[in-house]
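To keep things clear, I will list the structure first and then write my remarks on it.
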Amino acid sequence: MPEPNGIAQAGVPHTNGVNGTKPEDRVAVLKAAAAREESGLSKIELIDDNPFTLFREWHTAALQSNLVLPNALCLSTATKEGRVSSRHVILRRLEDDGFIIMTDRRSKKSAELVRIEGDVVELTEDQYLDLYEREPLFCKVRSHLCHQGVEVDWDDLKKKHDEIVRKVAEGTQTLPCPEHFVAYKLYPTMIEFYYAHDSNIGDRIMFLKKAGGAWEHTRIAA
Ligand SMILES: Cc1cc2nc3c(=O)[nH]c(=O)nc-3n(C[C@H](O)[C@H](O)[C@H](O)COP(=O)(O)O)c2cc1C
């Protein structure tokens, strides 16, 4: 079988054993590993058939842990041509059937999301205004200051930033939710959970949403 790209190295001899190890030596190496190390199978315990039940359970555990940003998630989008890009965004609200994120509607991800993903819905302002109002000052300043994804001059940006902050402090500028501020709700049709700890092999459960809206799940090998 040919080696995958980047694996075969010129000048490294390819033998039947692992790095030239003879079969009898390999038995000894594995026996020693079995005496020293552990192996097991992790298990995800399901309470019901709804992936949001499990997500809430894990999400609550993350919120109660010492993670710095338990609500950070990786969002991937793709162009029509299939060029994928990923970036982190914050999960602003977890609902019973979807995930709410907020961003700049002029950003790259916004263009790709609404074009490609049928299961992403743009919310109306009244559905996310409370989220905007709860944003810390720097987020409100950013949403007024920044046109996401556009080239900037740092000194110019700093000047404008300080000007906004000064006006806010003296009460001559408010920072209402701008037009380009947008929230999307992602309605998943597939959610996969992966759980592993210590020396246990991971457990995976994949939930798929059926046409009628019911969820089905399958346990899959790690
Ligand atoms: C931890 C973390 C959280 C972030 N949260 C958000 C967010 O909630 N919304 C957002 O628009 N960008 C957020 N960003 C910035 C994005 O990762 C990204 O740089 C930006 O949205 C531009 O993405 P795009 O040009 O691919 O559309 C966050 C970055 C980090 C590191």
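Here are a few things to note about the model shown:
- Förster radius 45 Å - calculated FRET efficiency between ALA32 and GLU122, Cβ distance, rounded to 0.05: 0.15
- Residue of LEU67, LEU208, LEU186 that the Gaussian network model of the chain assigns the largest fluctuation, springs spanning Cα pairs under 10 Å: LEU67
- For the chain, adding -39500 (n - 2.57) for each run of n ≥ 4 DSSP H residues and dividing by the number of residues yields -10000 deg cm²/dmol at 222 nm.
- Largest GNM mean-square fluctuation among LEU157, LEU94, LEU123, using the chain with Cα springs under 10 Å: LEU157.
- The chain: DSSP helices with Cα axial extent of at least 18 Å and average Kyte-Doolittle hydropathy no lower than -1.0: 23-36, 51-64
- Histogram of C-alpha separations across the chain, 5 Å bin width, %: 1, 5, 9, 11, 12, 13, 10, 9, 8, 7, 6, 4, 3, 1, 1, 0, 0
- Cα shape, the stretch 85-207, gyration tensor, a/c 1.5 rule: prolate
- For the chain, DSSP calls about 95 percent of its internal beta bridges antiparallel.
- Total lysine pairs whose alpha carbons fall under 21 Å of each other in the chain (8 or more apart, or interchain): 17
- The chain, relative contact order in percent, only Cα pairs under 8 angstrom and at least six apart counted: 22 percent
- At R0 = 45 Å, FRET efficiency that the Cβ-Cβ distance of ILE220 and GLN148 yields, to 0.05: 0.80
- Among LYS22, LYS159, LYS167: highest mean-square fluctuation, GNM of the chain, C-alpha pairs under 10 Å: LYS22
- Evaluating 6.51 cos²θ - 1.76 cosθ + 1.60 at θ = phi - 60° for every residue in the stretch 180-187, the Karplus couplings come out as 7, 7, 9, 10, 10, 10, 9, 9 Hz, glycine and proline recorded as x.
Here, each number is a calculation from the coordinates, and none is a lab measurement. Quantities reported herein were computed from a predicted structural model and do not represent experimental measurements. Cβ: placed from backbone, ideal geometry, glycine included. Neighbour counts: every protein chain shown.
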